[in-house]
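Peer 1: Here it is, the structure, as structure tokens.
The values are calculated or read from the model by the stated rules, or taken from the named source; none is laboratory data. Note that this is a predicted model, so its numbers are computed, not measured. Here Cβ is always computed from backbone atoms with ideal geometry, including for glycine, and neighbour counts include all displayed protein chains. Calculation scope for accessible area: heavy atoms of the full protein, side chains included, ligands and nucleic acids excluded. Shrake-Rupley method; radii C 1.70, N 1.55, O 1.52, S 1.80 Å.
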Amino acid sequence: MSLAAASVPRMPRGVRLQEDRVRGGWVLLAPERAIALDAVGLAIISRIDGARDFGAIVADLSETYGAPEAEIARDSGEFIAALAERRILEIMV
Amino acid sequence: MAWTKPILREVAC
């Protein structure tokens, strides 16, 4: 797991999830940049509320997708960490 | 819907 289960990811001020009505789909909008989300990316981001920790998010996704927690923790942990590197998410340790 | 590795795609705004 690239994130600790007790870590709490959240969206910093100025970043929001928005529907892209022009092309369909959802984007994460940050100042001067945007991230287009695929279905799995949207599933991860939509579970980030600044309160739930990473372990709870992974458990929820595992139940929804019927996939092993280890696989989901690895993939979503990398995804969240990559967004945190770009300052589009914050990780509260 | 199956789990697939999420793709991070930056788009111009």
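Peer 1: In this structure, does A:PHE54 turn out to be under 10 Å from the mean Cα position of the chain (by Cα) and at the interface with another protein chain (Cβ under 9 Å from one of its Cβ atoms)? Outline the logic, then answer.
Peer 2: Values: under 10 Å from the mean Cα position of the chain (by Cα): yes; at the interface with another protein chain (Cβ under 9 Å from one of its Cβ atoms): no.
No: the conditions fail for A:PHE54.
Peer 1: Separate question: Within the stretch A:20-47, which residues are assigned to a strand (DSSP E or B), more than 9 Å from chain B (Cβ to nearest Cβ) and either of a type in the set (S, T, N, Q) or open to solvent by 20 Å² or more (accessible area, probe 1.4 Å) (or both)?
Peer 2: A:TRP26, the sole residue that qualifies.
Peer 1: Scanning the stretch A:48-68 for residues that are among the charged types (D, E, K, R) and in a loop (DSSP other than H, G, I, E, B), which turns out modelled with the lowest pLDDT?
Peer 2: Among those that are among the charged types (D, E, K, R) and in a loop (DSSP other than H, G, I, E, B), it is A:ARG52.
Peer 1: Still on this structure, please answer the following. Would you check which residues across the stretch A:24-69 are out of contact with any helix residue (DSSP H, G or I) (no Cβ under 6 Å at 6 or more places or on another chain) and either among the hydroxyl-bearing types (Ser, Thr, Tyr) or in contact (Cβ under 8 Å) with a residue 60 or more places away in the chain (or both) and list them?
Peer 2: Those that are out of contact with any helix residue (DSSP H, G or I) (no Cβ under 6 Å at 6 or more places or on another chain) and either among the hydroxyl-bearing types (Ser, Thr, Tyr) or in contact (Cβ under 8 Å) with a residue 60 or more places away in the chain (or both): A:LEU28, A:SER46, A:THR64, A:TYR65.
Peer 1: Under the condition of being in a loop (DSSP other than H, G, I, E, B) and more than 12 Å from chain B (Cβ to nearest Cβ), which residue from the stretch A:69-93 is farthest from B:LYS5 (Cα to Cα)?
Peer 2: Out of the qualifying residues, it is A:VAL93.
Peer 1: So, one more: Of the numbered conditions (1) closer than 22 Å to B:VAL11 by Cα; (2) buried (at least 16 other Cβ atoms within 10 Å of the Cβ), A:LEU61 fails exactly one; give the number of that condition.
Peer 2: Only one criterion in (1) closer than 22 Å to B:VAL11 by Cα; (2) buried (at least 16 other Cβ atoms within 10 Å of the Cβ) is unmet by A:LEU61, namely (1).
Peer 1: Is there a residue in the stretch A:1-19 that is of a type in the set (Asp, Glu) and either at pLDDT 95 or above or part of a loop (DSSP other than H, G, I, E, B) (or both)? Before you say what the answer is, go through the steps one by one.
Peer 2: Just the residues of the stretch A:1-19 that are of a type in the set (Asp, Glu), to begin with: A:19.
Filter once more, keeping what is either at pLDDT 95 or above or part of a loop (DSSP other than H, G, I, E, B) (or both): none.
There is no residue in the stretch A:1-19 that is of a type in the set (Asp, Glu) and either at pLDDT 95 or above or part of a loop (DSSP other than H, G, I, E, B) (or both).
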